[in-house]
Amino acid sequence: MQLGCTSDSVHALWRVHRHGQCPGAGPCHPTQRPVGVCPQSPRRLRGVAWCRSGRGGAVSTALDFPPPLVVLSPPRSFSSLTSAMLGAHPQSAGLPELQLFMTDHMDQLLKFFALSPGNLQDGLLRSVAQLYFGEQTDASVDQAKGWLAERRHLSTAAMFQLLARKVAPQVLVEKSIATVWRPGFLRRLKQAAPHARYLHLLRHPRGQCSSLVNMIGHREDSVAADLKDHSTDPPTFDPQIAWLQIHQNILRALSDVPAEQIMRVRGEDVLADPERHLTEIVRWAGMRDDAEALDAMLHPERSIFACIGPPSAPYGSDPKFLENPVFRPQQSKPQSLEGPLPWRDDLTGFVPEVLEQARAFGYR
């Protein structure tokens, strides 16, 4: 899972989901029950020097920054690469995963980071270090920690707005995989930027689930109980539950958002034909679609964040992506919704709810 993004960060998020340490859970949609449970050029950051840094904790109603471009998806859905490519556009500023919306206030969030294993805080620390102190080093990360501590009275929404103003007139591109796990997290995101544009990124459930199983490995004991199929003894970790729950969370959250602020795209299509699909996305987002812009997006490795960071904040995205952020077009192997699931000992297939949702997304 692309949280911070070591496996320890993944298990920190499983604990959030299991124990409800962060408020905001909501009921499932009544028509769908849960499954199985009752270094680069400074030009990339031009425009970052003129932030009007407010000190109040309230969310600003003056949306005096461009509509952020927010990527929403389950983990292992090509979201790190896709968001980095969009963040490489000359008119955008792609930041690491900020993980802001797990709490209402920065004080709560900083306490949560301090108690959580893994690297959930790395993306926020790297962003603040670069934007406000001009580099990503252990020293600037320490400065970023102090800067955040001085603003712990702010709401997380106000912090998001502060960063969006800092990168303006560029468009903030942000993907925090934690945001999609609970309805309350998504509500906070919507309140922070009502004018945001949302890219709902998809992946075939067989490919997404297989990738997640490979990443989790043999640490299924820390997976939340409601992400296991309790029809077996012992209960079976089945990633199709998370695939469905997360997409349901996203669909419910976007149900009252104007249609022009939403785009849905399959990640496999972006990787197979980036020229076409990236062009469609940036046109929808109101950004340039010329040859220079397309070339920039095809080189996410040029981003100042597309690398392992300093030892005190090394991640903020998928480590595999950070180690090799070069984009290579790829055709996904054909995958089917039919047939047994290799991660289940009983070799059963996808449940009807997953099949219905996947087919609605255009998968077969």
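The values are calculated or read from the model by the stated rules, or taken from the named source; none is laboratory data. These numbers were taken from a predicted model, which means no experiment stands behind them. Cβ: placed from backbone, ideal geometry, glycine included. Neighbour counts: every protein chain shown.
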Name the helices (runs of 4 or more DSSP H) wholly inside the stretch 72-150 in which the number of residues that are small (Gly, Ala, Ser) and crowded, with 24+ Cβ neighbours inside 10 Å is 1 or more. 79-87, 122-133, 138-150
Among (1) at pLDDT 95 or above; (2) farther than 30 Å from Cys209 by Cα; (3) of a type outside the set (Lys, Arg), the one test that Ser53 misses: (1)
Would a scan of the stretch 103-111 turn up a residue that is in contact with an Asp or Glu (Cβ under 6 Å, 6 or more places away or on another chain), β-branched (Val, Ile, Thr) and either within 19 Å of Ile246 (Cα to Cα) or modelled with pLDDT of 95 or more (or both)? no
May I ask you to verify whether Ser176 is touching a Leu at 6+ places or on another chain (Cβ under 6 Å), crowded, with 19+ Cβ neighbours inside 10 Å, polar (S, T, N, Q) and over 14 Å from Leu72 (Cα atoms)? no
Residues that are closer than 21 Å to Gln121 by Cα and part of a strand (DSSP E or B), drawn from the stretch 154-187: Ser155, Leu172, Val173, Glu174
Residue check, Lys166 under 17 Å from Gly309 (Cβ atoms), over 16 Å from the mean Cα position of the chain (by Cα) and of a type in the set (Lys, Arg): no
If I go through the stretch 312-343 residue by residue, how many of them are more than 20 Å from Arg203 (Cβ to Cβ) and either touching a helix residue (DSSP H, G or I) at 6+ places or on another chain (Cβ under 6 Å) or of a type in the set (Lys, Arg) (or both)? 5
Just to check your reading of the model, which residue among Ile262, Ile308, Ile250 is closer than 30 Å to Leu100 by Cβ, modelled with pLDDT of 95 or more and touching a Ser or Thr at 6+ places or on another chain (Cβ under 9 Å)? Ile250
All but one of (1) more than 21 Å from Ala296 (Cα to Cα); (2) within 19 Å of the chain's Cα centre (by Cα) hold for Pro96; which doesn't? (1)
Take the stretch 142-163 and flag every residue that is over 16 Å from the mean Cα position of the chain (by Cα) and among the aromatic types (Phe, Trp, Tyr). Trp147
Tally of residues being more than 19 Å from the chain's Cα centre (by Cα) and either at pLDDT 95 or above or surrounded by 15 or more Cβ atoms within 10 Å (Cβ to Cβ) (or both) across the stretch 327-345: 10
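The rows are residues; the columns are (1) in contact with a helix residue (DSSP H, G or I) (Cβ under 7 Å, 6 or more places away or on another chain); (2) part of a loop (DSSP other than H, G, I, E, B); (3) hydroxyl-bearing (Ser, Thr, Tyr); (4) at pLDDT 95 or above.
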residue: Leu189; (1), (2), (3), (4): yes, no, no, yes
residue: Leu201; (1), (2), (3), (4): yes, no, no, yes
residue: Asn214; (1), (2), (3), (4): no, no, no, no
residue: Ile241; (1), (2), (3), (4): yes, no, no, yes
residue: Leu244; (1), (2), (3), (4): yes, no, no, yes
residue: Glu268; (1), (2), (3), (4): no, no, no, yes
Do you know which residues across the stretch 274-328 are assigned to a loop (DSSP other than H, G, I, E, B) and among the polar types (S, T, N, Q)? Ser303, Ser312, Ser317, Asn324
